[in-house]
Amino acid sequence: EIKHILVAIDGSEHAMKALESAKTLAKQLQGDSHLTVLHVNPALSMNEPPVGIDVEERIEEEGRHILEPAADYLKDEGISYRMLAGHGDPASIICETAQQEKADLIIMGTRGQGLVTELILGSVSHYVIQHAPCPVLTVK
Ligand code: ATP
Ligand code: MG
Ligand code: MG
């Protein structure tokens, strides 16, 4: 049964399509479903951030540009959702979050912001399809 859906977004149009699918599905499932929208900041994966930088603050700040429009897109639709900002390796964080949050389904774009457009799958979706603890829906 699909109740908890994890949507991974990187600010790309592909991820926006994934969010669109997640919204449609959540509405069809009605009050029974919950969306978690995750953005992972890969630039802050260093173990020792520069002195004077509040990592949590930076993640929030950077994540806001991507998560806020997504939250706007989901609001007032009667959907239960929450926004999550992570940092580190996007592919493994997506899988770990799915595991921790017991997601029933991950929805993501087939590609993202990467520039190698001849590939069908980006490296993040490629990894997640292989390592996710639940089914993965990739949207193009
Ligand atoms: P690559 O990154 O390998 O150059 P790409 O950017 O075209 O290629 P991916 O990064 O695999 O492709 O993106 C596929 C999907 O993975 C995106 O549409 C998005 O759903 C998800 N994704 C990618 N990066 C992130 C991230 N940093 N945080 C959350 N989700 C992400
Ligand atoms: Mg990418
Ligand atoms: Mg990339």
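Efficiency by 1/(1 + (r/R0)^6): what FRET value for Arg64 and Gln28, r their Cβ-Cβ distance, R0 = 30 Å, to the nearest 0.05?
0.55
List the DSSP H helices in the chain whose Cα atoms stretch 20 Å or more along the helix axis and whose mean Kyte-Doolittle hydropathy is at least -1.0.
13-29, 55-74
When the chain is fully extended, how far beyond the present Cα-Cα distance does Glu96 get from Leu137, taking 0.36 nm per residue of separation?
Extending this stretch completely gives an extra 13.1 nm.
We did not get these values from a lab; they are worked out from the coordinates using the rules stated. Bear in mind that the values here come from a model prediction, so they are computed numbers and not experimental data. Don't worry about glycine lacking a Cβ; one is built from the backbone with ideal geometry, like all the others, and counts go over all protein chains shown.
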